[in-house]
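Trainee: Mind looking over this structure? Questions follow.
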Amino acid sequence: KYIIGLATGVTYAFGLDENEQDFLSEKVNEGSAVFDVGVNRGQFTFLFAHAVGSDGRVIAPEPVEGLANQVEQNAKLNNLCNVEVVTAAASSEEGTAKFDYCTDHSTRGMLTEHPLESRDHHRTDHPT
């Protein structure tokens, strides 16, 4: 069960490529902790959540609040208590950083000191 938005339907409707699923499932063990950095819409988050099982944990940092909220809603909808969504960017340094992202291509986001030149990009401060 998923609440889907613009651009999420394809992955949720058709699933991940079988080779991707097999590869990831082989790398993640039951009871593991997984960091799904750059969660986006949670396509891999839920695969990881099932792979680690109820004794495992998936930490899911996503700096775009709307995307983080969507992943959190879908985790609750599927009773995935082992998913912890964190509205923050992943970084090697603690603090606040500039995060640029493209509203019409949610996978195009990055921590940066220099704003991207596009009318579709938004620049916000995010905890790291």
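Every number in this text was worked out from the coordinates using simple rules, so none of it is lab data. Treat the numbers as computed from the prediction; the structure is a model and nothing was measured. Cβ coordinates were reconstructed from backbone atoms using ideal geometry, including for glycine residues, and neighbour counts include every protein chain displayed.
Trainee: How high is the FRET efficiency from residue 55 to residue 35, r the C-beta distance, R0 25 Å, rounded to 0.05?
Mentor: 0.90
Trainee: Multiply the residue gap between residue 79 and residue 20 by 0.36 nm, knock off their C-alpha separation, and tell me the result in nm, one decimal place.
Mentor: Length gained, residue 79 through residue 20: 18.9 nm.
Trainee: Would you report the distance distribution of C-alpha pairs in the range 30-105 as whole percents per 10 angstrom bin, up to the bin with the largest distance?
Mentor: For the range 30-105, the binned pair fractions read 20, 51, 25, 4 percent.
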